[in-house]
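Readers should treat all values here as calculations from the given coordinates under stated rules, not as data from a laboratory. Since this is a predicted model, take the numbers as computed values, not measurements. Heads up, the Cβs are rebuilt from the backbone with ideal geometry, glycines too, and the neighbour counts pull from every protein chain shown.
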Amino acid sequence: MKKIKIDHYTDKEALDFHKHKKPGKIEINSSKSMITKRDLALAYSPGVAAPVRMISENPEAAYDYTSKGNLVAVISNGSAILGMGNLGALASKPVMEGKAVLFKRFADIDSIDLEIDCSNTEEIVNSIKNFAPSFGGINLEDIAAPDCFIIEKKLKEILDIPVFHDDQHGTAIITTAALINALDISGKSIKEIKVVVNGAGASAQACTELFKNSGVKSDNIIMLDRKGVIYNGRLDGIDQWKSRYANKTKLRTLDEAIKGADVFLGLSVKGALKKEHIKKMAKNPIIFACANPDPEITPEEINDVRNDAIIATGRSDYPNQVNNLIGFPYIFRGALDVRSKTINEEMKVAAAKAIAKLAREDVPDEVVAAMGGERPHYGKDYIIPSTFDPRLISIIPAAVAKAAMDSGVARKNIDDFNIYKDQLKQRLDPTVTIMQGINSYIKKNQKRIVFADGEDKNTLKAAIAFKNSKLGTPILVGKEDKIKEQIKNIGYNDNFDIEIVNSKDMEKRNKYVKYLFQKLQREQGLLERDCDRLVRNDRVIWATSMVACGDADGAITGNTRRFGASLDKIKQVVDVRTGEIMFGLNMVVHKGKTIFVGDTSVHEYPTSEQMAEIAISTARVVRLFGFDPKVAFVSHSTFGQPLTSRTKHIRKAVDILKEKKVDFKFDGDMQPDVALNSEYEELYPFSKIVGKANILIMPGQHSAAISYKMMKTLGDTKVIGPLLIGLGLPIEIAPLRSSTSELINLASIAAYSSDVIDYKK
C-alpha cells in the first residue's frame with residue numbers, strides 16, 4: 001500500500017469545466033415548439049404582429065406575451081469581483097453566468113448576464129435604463145462602493161421594476177433573519193440591544209439599515225472602519241455614506257466599543273475580533289463573524305472563552321451560515337410574480353421574518369431527507385434554514401409578494417396564497433436537492449469508498465474531487481506508476497494524499513483470496529489458486545473484496561467495462577440480500593421533476609412476481625430519499641387497451657400488490673404519458689396514479705434502458721444511476737464513459753447507502 005499526494009482541483013480542471021461541450025454555463029432555449037412552418041409563422045412573421053400591437057397599446061401586456069415577467073438582468077462592471085478586486089467587465093462574466101445559474105436552479109428565474117465595460121456611474125445608469133424595458137428585474141453584482149450606492153439609488157428612482165444589489169441587501173436580509181432568531185433564543189429585545197458593526201462597506205451599511213428598520217435604535221449602533229469608530233466630528237476617511245452612521249460617542253477603538261455589546265456583526269477581515277474582545281461582551285452575546293473566506297474570529301476561538309454565545313459565519317463548514325442564496329432567488333421570485341415596481345424595505349423585512357420563522361418550524365421528514373438525513377432543531381446552532389431546505393421556494397416568495405401588495409408597489413394581486421404556494425412548489429421539485437442532501441449527510445459520516453478503475457482519467461478526477469469536497473475517503477485500485485502518470489496528464493501536483501492499493505499488498509491479497517475461496521469452492525468448484533488469480537488480476541474483484549472484508553465501506557466501478565461484465569464479477573464476491581430482489585434503478589431529473597425507473601439493468605424480462613418485488617423495493621428506496629412513492633406499471637397499453645399477453649403480464653403484477661396490501665399507491669397498466677401528464681387525470685378519474693407517478697416499473701430491461709438513455713441523450717435530463725438495489729453490499733456500477741460528476745454521485749450514494757441501510761439483515 002502506497003500513498004501519493006495530489007493537489008486540490010486545478011485551474012485546468014476548472015477551465016475544462018467551463019469549456020466542456022458548450023462554453024460557459026448558460027444557454028437560451030425556445031419555450032415553444034419550432035417544428036413546423038406554422039410554428040415559425042406564429043413565432044415570427046406574421047404571427048408576432050398581434051402581440052406587438054397589444055403591447056404598443058398597453059405596455060403591461062409585455063408581461064403576458066413575452067418573457068419579461070420571468071427575466072432578470074444580472075449586471076456588473078467587474079470593479080469588485082469576488083474579493084479579487086477590479087479585474088474588468090469581461091472577467092466578471094463567469095461570475096455573472098454563475099449568478100444566472102443560481103436564479104434558475106433555485107427559483108426558476110431566467111437570467112441574462114450583462115457586463116458593462118465602464119467605470120462612469122452616469123454612463124452605467126444610462127445603459128441600464130435604456131435596456132431595462134426588456135427585463136422584469138435588475139440584479140446588480142460585484143460593483144465597488146461607493147459606485148454601487150449611486151447606481152442603485154438612481155436606477156430605483158427612474159425604473160419601475162425591481163433593482164437589487166445583492167452584495168448589500170442579500171447579506172442584510174439573511175443577517176437580519178439570523179438576528180431575529182438569535183435575539184429570541186437569548187431573550188433580548190431588539191429595541192434595547194447594543195450592536196457593534198465592524199466594517200463599513202456596502203454590505204455592512206445595508207445590514208445596519210435593515211437592522212434599524214427591524215427595530216434596532218440608531219443610537220445603539222457603533223460602526224467601525226479601518227480607522228476605527230465612525231463618530232460625530234470625525235473627518236478622516238469619512239464620506240457621505242459613512243457619515244450616516246456617525247454616532248455621538250467617546251469610543252474610538254473596537255476594544256472600547258465591544259465592551260458590553262450584545263451583538264457583533266463582522267464584515268471585515270480575518271482576525272479582527274480577539275478572544276479578549278469576546279470576554280468583554282454582554283451575557284449571551286450574538287457574534288456574526290461573516291468575513292470571507294475566513295471569519296473575524298473562529299467559533300472554536302469563541303468557545304474557548306465563552307459557552308453562552310450564539311455564532312454565525314459565512315462558511316458552510318460551521319452551523320448558521322449567512323448565505324445570500326437563501327435570499328435573492330426567492331425575493332426576486334416573489335417580486336416578479338406580483339410585477340412589483342421595486343424591492344422596498346417592507347419586502348426585505350418580510351423576507352427576513354419569513355426566513356427566521358422557517359427556522360423555528362418543525363422540519364418534516366421529506367425535508368430531512370433533502371437535507372441529508374439531519375433533523376435540525378431551532379436553537380443556538382440552527383437560527384438560519386439550510387440552503388437545502390426545499391420549503392424556501394414556497395415560503396419566502398409568498399412573504400415578499402404579500403409585502404409588495406400591502407405596501408402598494410405590486411401591479412398584480414395574488415388572490416389565493418395557498419394556491420400560489422402550491423404553484424411555487426411545482427416550479428422546483430424538492431428532489432433536485434437530493435444529491436446535496438446526500439452529500440451533506442456523508443460529510444458528517446465519513447466513509448471509505450474504493451474507486452476500482454483508479455487508472456481511468458475520469459475515475460481519478462472523481463476520486464480527487466470526492467476527497468477535496470470532504471465527501472469521504474477515496475481509495476484507488478491500480479498500478480502506482482500508471483496512476484502517477486495519469487495524474488500528470490490531468491494536471492495535478494504532488495501535495496494531496498490518496499491511498500493506492502493493488503495486489504502487491506500481500507496481506508490484503510491473502511485475506512481476499514481466503515474469503516473468496518471459502519465462498520466459491522462449493523458454489524463454483526474453484527480452487528484456491530483460481531481465487532488467487534481472480535483477486536490478483538481483476539480490479540473489480542479486488543475492490544469488492546475490500547468492502548466484503550471490511551477494508552472499505554463501499555465501492556464504485558464500471559466506467560471502463562460494460563455493466564454486465566462488472567456485475568458478473570461483483571456477484572462472485574457478493575450475494576443478493578436475503579429476501580430481496582436485485583435490480584437497477586435510475587433516478588431521472590427533468591425540468592424539476594424527478595422519476596425513478598426500474599429495472600434498467602438486471603432482469604431482461606421480469607416475471608409478474610419480480611415486477612411486484614421491484615416495485616416494493618423501489619418504494620422503500622424512494623422513501624429513503626424522502627419521497628412519497630407513487631408507482632405506475634408502464635406499458636404500450638392503458639388499462640387493458642389494447643389487451644395483449646404483455647398487458648396481462650403487467651396487470652398480474654398489479655394484482656399481486658393488491659393481494660399484499662402494500663402501503664404505497666400504485667396502478668397500471670398505463671402508457672408513460674398517462675402516468676406522468678396531469679392532463680390525463682380527467683380521462684381516468686378512478687386512478688390516483690394517473691399524472692402523478694414518480695416511479696415507473698418497466699416491462700423489460702430493453703424498454704427501460706432505451707427510455708432512460710434516450711431521455712439522457714436527447715433531452716435536458718440528468719440521470720443518476722443505475723443504482724444497484726438488493727445487493728448485499730454498497731457497490732455501484734457506473735455506465736461506460738460516465739462523466740466525473742456522474743461518478744461522484746454514485747460514490748456518494750454508495751457512501752450514503754453504507755450508513756442508512758443495514759446490510760446485515
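If you count the DSSP beta bridges with both ends in the range 583-725, what percent of them are antiparallel, to the nearest 5?
Given both bridge residues lie in the range 583-725, the antiparallel proportion sits at roughly 55 percent.
Once the Cα atoms of helix 392-406 and of the chain are each reduced to a long axis, what angle between those two axes, in degrees from 0 to 90 to the nearest 10, is obtained?
With rounding to tens, the tilt is 30 degrees.
By count of other Cβ within 10 Å, fewest leading, how are Thr298, Thr607 ordered?
Neighbour counts put them in this order, fewest first: Thr607, Thr298.
Once the dipole of the range 439-573 is set up with Lys and Arg at +1 and Asp and Glu at -1 on Cβ about the Cα centre, which of Gln518, Ile442, Leu567 lies farthest towards its positive end?
Positive-most Cα among the choices belongs to Ile442.
Around Gly88, what is the net charge, scoring Lys/Arg as +1 and Asp/Glu as -1 over all other residues with Cβ under 13 Å from its Cβ?
-2
How much length, in nm to one decimal, is gained on full extension between Lys274 and Asn86, taken as 0.36 nm per residue of separation minus their Cα-Cα distance?
64.6 nm
Rg (Å, one decimal) plus Dmax (Å, integer) for the alpha carbons of the range 439-573?
Cα-based Rg and Dmax for the range 439-573 come out at 15.3, 48 Å.
Between Asn126 and Asp406, what is the FRET efficiency for a Förster distance of 30 Å, r being their Cβ-Cβ separation, to the nearest 0.05?
The formula returns an efficiency of 0.35 here.
Could you tally the net charge around Gly260, taking each other residue with its Cβ under 9 Å from the Cβ of Gly260, Lys/Arg +1 and Asp/Glu -1?
It works out to a net charge of +2.
For the chain, what does -39500 (n - 2.57) per DSSP helix run (n ≥ 4), summed and divided by total residues, give at 222 nm, in deg cm²/dmol to the nearest 500?
-13000 deg cm²/dmol
Using θ = phi - 60° and the Karplus form 6.51 cos²θ - 1.76 cosθ + 1.60, what ³J(HN,Hα) does each residue of the range 166-174 get, whole Hz, x for Gly and Pro?
5, 3, 7, 7, x, 4, 4, 5, 5
7 Å from Cα along Cα→Cβ at both Lys514 and Ile706: what's the point-to-point distance in nm?
Spacing of the two 7 Å Cα→Cβ label points: 5.1 nm.
Once a ≥ b ≥ c are taken as the square roots of the eigenvalues of the Cα gyration tensor of the range 217-356, is the result rounded (a/c under 1.5), prolate (a/b larger than b/c) or oblate (a/b not larger than b/c)?
oblate
Name the residues whose placed amide hydrogens come within less than 5 Å of the amide hydrogen of Thr473, ignoring near sequence neighbours (fewer than 5 apart) on the same chain.
For Thr473, the qualifying residues are Lys447, Arg448, Ile449.
How big is the dipole moment of the chain about its Cα centre under a simple scheme where the beta carbon of each Lys and Arg is +1, that of each Asp and Glu is -1, and everything else is neutral? Debye, nearest 20, please.
Here the chain has a charge dipole of around 920 debye.
From the Cα gyration tensor of the range 677-738, with a ≥ b ≥ c the square roots of its eigenvalues, which class applies: rounded if a/c is under 1.5, or else prolate if a/b is larger than b/c, or else oblate?
prolate
Tell me, what is a quarter of the convex hull surface for the C-alpha atoms of the range 381-448, in nm² with one decimal?
6.3
Using R₀ = 41 Å, calculate the FRET efficiency as 1/(1 + (r/R₀)^6) where r is the Cβ-Cβ separation of Arg360 and Lys250; round to 0.05.
Efficiency, rounded to the nearest 0.05: 0.55.
By how many nm would the segment from Arg536 to Ile419 lengthen if fully extended, with 0.36 nm per residue of separation less the alpha-carbon distance?
35.9 nm
For a quick protection proxy, order the peptides 245-252, 281-288 by their average other-Cβ count within 10 Å, most packed first.
In descending order of packing, they fall as 281-288, 245-252.
Residues with amide H under 5 Å of Glu499's amide H, sequence separation 5 or more or different chain, H placed in the peptide plane at 1.01 Å from N; which?
The answer is Leu476.
Which whole-Hz ³J(HN,Hα) couplings does the range 97-112 yield from phi under the Karplus relation 6.51 cos²θ - 1.76 cosθ + 1.60, θ = phi - 60°, glycine and proline marked x?
Calculated HN-Hα couplings, in order: 4, x, 4, 4, 4, 5, 4, 6, 5, 9, 9, 6, 9, 7, 9, 10 Hz.
Given labels modelled 7 Å from the Cα in the Cβ direction, how far is it in nm from Asp655 to Ser316?
For the pair Asp655/Ser316, the computed spacing is 5.2 nm.
If r is the Cβ-Cβ distance from Lys504 to Arg529 and R0 is 25 Å, what FRET efficiency results, to the nearest 0.05?
Result of the calculation: an efficiency of 0.85.
Most exposed first by the Cβ proxy, i.e. fewest other Cβ within 10 Å, how do Tyr441, Tyr231, Tyr65 rank?
With the sparsest Cβ surroundings first, the list reads Tyr65, Tyr231, Tyr441.
Using alpha carbon centroids, what distance separates the range 665-743 and the range 619-633, in Å?
Taking the Cα centre of the range 619-633 as reference, the centre of the range 665-743 is 12 Å away.
Please go through the residue pairs Lys153/Lys270; Lys212/Lys425; Lys194/Lys270; Lys99/Lys153; Lys279/Lys380 and name each one whose alpha carbons sit more than 26 Å apart in this structure.
Lys153/Lys270; Lys212/Lys425
Going by a ≥ b ≥ c, the root eigenvalues of the Cα gyration tensor, does the range 583-725 fall in the rounded group (a/c under 1.5), the prolate group (a/b larger than b/c) or the oblate group?
rounded
To make sure I understand, if each residue's beta carbon is the centre and we count other beta carbons within 10 Å, what order do Lys508, Lys569 fall in, fewest to most?
The order, fewest Cβ neighbours first, is Lys508, Lys569.
Multiply the residue separation of Asp568 and Tyr759 by 0.36 nm, subtract the distance between their alpha-carbon atoms, and state the gained length in nm to one decimal.
66.8 nm
Along the charge dipole of the range 113-254, which of Ala145, Thr208, Leu114 sits closest to the positive end, that is, farthest toward it, with unit charges on the beta carbon of Lys, Arg, Asp and Glu (+1, +1, -1, -1)?
Thr208
Ignoring GluC sites (Glu not before Pro) that are buried or in helix or strand per DSSP, and keeping those with at most 11 other beta carbon atoms within 10 Å, what is the longest stretch of the chain between them?
The reported range is 28-603.
Considering only DSSP beta bridges whose two residues both sit in the chain, what percent are antiparallel, to the nearest 5?
Close to 30 percent.
Applying a 10 Å radius around every beta-carbon, put 327-339, 747-759 in order of their mean neighbour count, most first.
Ranking, from highest mean packing down: 327-339, 747-759.
Compute the helix-to-body angle for 121-131: its Cα long axis versus the longest principal axis of the chain, expressed 0 to 90° and rounded to tens.
That helix lies at roughly 50 degrees to the long axis.
Skipping prolines and chain starts, which residues have an amide H placed within reach, meaning under 5 Å, of the one on Asp113, given they are 5 or more residues away or on another chain?
Val74
Using a basic spin-label model with each label point 7 Å from the Cα along Cα→Cβ, how many nm lie between Tyr65 and Leu624?
About 5.4 nm, to one decimal.
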